[in-house]
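Taking it in order: structure first as structure tokens, then the write-up.
The values are calculated or read from the model by the stated rules, or taken from the named source; none is laboratory data. Being a predicted model, the structure only gives us computed values, none of them experimental. Virtual Cβ from ideal backbone geometry, glycine too; neighbours counted across all protein chains shown.
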Amino acid sequence: MSAITSPGTIYGVKGTKVLTSVVVVFHCAALILLAGCQTTPTNFDHADAASPAPARMKLAESTPESATPPAGSAPVTKRPTPPPEKIDLVAITRDRETTVDPPAERRIALLLPLSGRDAQTGRALLDSAQLALFEVADDDLQVLIFDTKGTPEGAEDAARLAVAEGAQLILGPLFGDSAAAVRSVTFEAGVNVVSFSNNKSIAGDGVYVIGFLPDQQIRRVISFAAHKGYGSFGALLPSNEYGELTMASARKVLEESGKQITKVAYYDPDETDHSALVRKFSNYDSRKSALVRQRALLESRTDQISKKALRRLANRDTLGDPSFEALLFPAGGRELMALAPLLAFYDVDPARVRLLGAIQWDETHGLTSEPALFGGWYAAPPPDTRYLFEEKFEKVYRRPPLRLASLGYDAMLLAVALSYGEGGPNYGAAALTDARGFSGVDGIFRLLPNGANQRGLAVIEVTDRELRVIDPAPTSFTDLGL
């Protein structure tokens with residue numbers, strides 16, 4: 001791989017799997033020096049965005065009876081019956097032939113936070129996008145790279161530069177507020193945007209979001225639990241925009257399933273001690289008092305049945321279970337690893353209450369070493385296809401990728417596929433929102449006309465040895481009934 005050179009320099013890359021070279025233009029100073037600190041964005045777009053890659057998952061040798069994967073919550077435009085069920089991005093970019101002669105102009109812009117507190121995440125997305133480029137692109141595809149500085153203002157400035165230099169499609173920016181900021185520039189210019197954000201409220205008017213949408217994860221894991229017979233649900237959520245979105249999604253799914261939310265609590269993510277909140281949420285004191293009363297009653301009796309019952313209570317801390325059979329608990333990173341042991345300490349027994357999580361669990365180290373999480377289920381993209389990407393990334397860059405890095409890889413594969421379609425490059429809405437969808441390293445996905453996306457998600461269980469897929473992700477949108 002060639003070294004990154006000074007701003008504006010065009011350089012070539014020779015590759016074993018690529019025909020010749022890839023033309024890439026850089027518009028960010030001192031890019032080679034970017035390392036960034038390990039930070040967590042406050043925007044709910046990507047919680048724990050800079051967390052290192054977690055332990056790998058393994059597919060279960062045998063899985064329980066699968067529930068029908070729940071449909072995504074975003075509206076769907078019904079189309080005539082399409083040809084193939086999905087478009088395999090890796091295959092289409094690897095096996096394609098260029099059909100336009102002479103070559104048409106193909107110019108993609110990447111807008112990423114390459115400086116500031118989110119530079120580590122921006123660099124991971126850039127490296128993964130470059131990895132896709134080096135594998136599949138021809139020498140006539142130009143990629144222009146702009147630093148958004150991690151701010152809406154920086155993103156808007158970068159979008160103006162990208163449009164001025166002839167970008168036909170923009171990949172990025174990372175965060176929702178930055179994606180919203182570029183809309184006024186790109187909509188007027190007629191340039192579509194595929195943002196890495198997972199905030200679908202900013203989608204529309206040519207802005208598409210490719211990030212992992214929280215409502216789809218919540219729908220997937222709650223629907224699976226409801227199908228497995230869980231009838232009452234609690235929720236322990238952060239007191240922020242993400243927590244509010246999660247609660248709204250959970251209520252909608254549970255109402256559709258005829259299930260109940262029996263207890264909800266919100267915690268301050270900035271607090272370091274959540275003991276009092278978890279103690280109250282678990283109804284620990286009243287359950288402890290119930291145990292004391294029951295022991296006193298049994299101790300007052302002399303019959304053998306009472307003595308036997310008293311012995312059974314010897315190692316109990318409380319009497320009775322919490323008011324929920326399953327607990328929605330989509331925290332991640334430090335929050336997850338701090339709160340989970342507290343739940344167990346206040347007698348929310350993971351053997352009796354099923355913990356339910358989201359993709360933040362997928363980004364967290366140490367799941368298989370925390371007993372309070374054993375038996376927990378969470379929804380995330382299928383892990384098997386991502387392993388190959390992670391291996392390639394680590395081999396090339398000599399470090400594991402951040403969890404979000406795969407978005408950069410799939411987004412660039414999508415851009416390359418659209419660049420070399422029949423009849424030449426096509427970055428229009430119809431091509432981006434092909435109803436068949438696409439298959440990338442994070443499984444199947446498709447962009448919707450309203451700018452949101454749909455994904456096929458797996459349900460994964462935490463055990464003391466591995467992270468195990470117990471309900472596989474669908475492999476086509478036909479499997480989702482859409």
Is there a residue in region 184-194 that is touching a Lys or Arg at 6+ places or on another chain (Cβ under 7 Å), assigned by TED's automatic domain parsing to the domain that holds Arg446 and in contact (Cβ under 8 Å) with a residue 24 or more places away in the chain? yes
Got a sec? Which of Ala129, Ala137, Ala181 is buried (at least 22 other Cβ atoms within 10 Å of the Cβ) and at pLDDT below 95? Ala137
Taking interchain pairs and intrachain pairs at least six residues apart, which have beta carbon atoms under 7 angstrom, with the first residue in region 137-152 and at positive phi and the second charged (D, E, K, R) and modelled with pLDDT of 95 or more? Gly150/Arg117; Gly150/Asp118
Among the residues of region 413-435, are any acidic (Asp, Glu) and surrounded by fewer than 22 Cβ atoms within 10 Å (Cβ to Cβ)? yes
Helices (runs of 4 or more DSSP H) contained in region 366-482 and holding at least 3 residues in contact with a Phe, Trp or Tyr (Cβ under 7 Å, 6 or more places away or on another chain): 405-419
Would you confirm, using the coordinates I've provided, whether Val459 is closer than 16 Å to Pro381 by Cβ and surrounded by 24 or more Cβ atoms within 10 Å (Cβ to Cβ)? yes
From the options Ser406, Ser419, residue that is at pLDDT 95 or above and hydroxyl-bearing (Ser, Thr, Tyr): Ser406
With respect to the numbered conditions (1) surrounded by fewer than 24 Cβ atoms within 10 Å (Cβ to Cβ); (2) in contact with a Gly (Cβ under 8 Å, 6 or more places away or on another chain), which one is the sole condition not fulfilled by Leu174? (1)
Residue within region 163-170 that is of a type in the set (A, V, I, L, M, F, W, C) and surrounded by fewer than 24 Cβ atoms within 10 Å (Cβ to Cβ) present: yes
If we keep just the residues of region 177-235 that are among the small types (Gly, Ala, Ser) and assigned to a strand (DSSP E or B), which is nearest to the chain's Cα centre (by Cα)? Ser195
Only one of (1) surrounded by 16 or more Cβ atoms within 10 Å (Cβ to Cβ); (2) touching a Leu at 6+ places or on another chain (Cβ under 9 Å); (3) of a type in the set (D, E, K, R); (4) modelled with pLDDT of 95 or more is not met by Arg295, so which one is it? (4)
Flag if Leu144 is surrounded by fewer than 24 Cβ atoms within 10 Å (Cβ to Cβ), in the same structural domain as Ala431 (by TED's automatic domain parsing) and not polar (S, T, N, Q): yes
Does any residue of region 247-269 turn out to be crowded, with 22+ Cβ neighbours inside 10 Å and of a type in the set (Phe, Trp, Tyr)? no
